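Asker: Here it is, the structure in full.
Derivation of every value follows stated rules applied to the coordinates shown; laboratory data play no part. Computed from a predicted model, the values in this text were never measured in an experiment. A quick note on method: Cβ atoms are made from the backbone with ideal geometry, for glycine too, and the neighbour counts reach across all protein chains shown.
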Amino acid sequence: MSTQTTASVSTHILDTSVGRPAASVAVSLRARGGGREPWVVLGRSATDPDGRCRDLPALPEGTTHVRLDFETEAYFHAQSRKRAEAQQDAPAPRDSGAFFPEVAITFAVTPGEHYHVPLLLNPFGYSVYRGS
């Protein structure tokens, strides 16, 4: 039985288009105490070289819903520039290559539980699941 009174959240991102962690993606953590209450920003972070956010703040007591916002457009812009630099003769990219410029994941939480929420990302789609 858990003695924690609040839930906790962690996340990481894998760019499935290259099979590597997605580094330097800005992430914000929001919470609310019920379906009709306003979202409160608890903190902002960015993924490390391993694609993980290791410094997300604790959730306040009474949190029932959590939202992770991933700012993916800047990440895909940077990836597009890296590919162009690596292939100097390649044509310039038309756009960022990101169909989804941001990803918002909203989920319910129960006090005392830990929620690891991985994001599998590529320029034209994403998938998310509750990890362990």
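Asker: Quick one: which of 55-63, 19-27 comes out on top by average Cβ neighbours within 10 Å, and what's the full order, highest first?
Answerer: 19-27, 55-63
Asker: Can I ask one more? Sorted by packing (mean other beta-carbon atoms within 10 Å per residue), highest first, where do 33-40, 117-124 land?
Answerer: With the highest mean Cβ count within 10 Å placed first, the list reads 117-124, 33-40.
Asker: In addition: What number comes out for the charge environment of residue 114, summing +1 per Lys or Arg and -1 per Asp or Glu over other residues with Cβ under 15 Å away? Mind dumping the intermediate values first?
Answerer: Values: positive: 52, 54, 130; negative: 113.
Overall, the nearby charge balance is +2.
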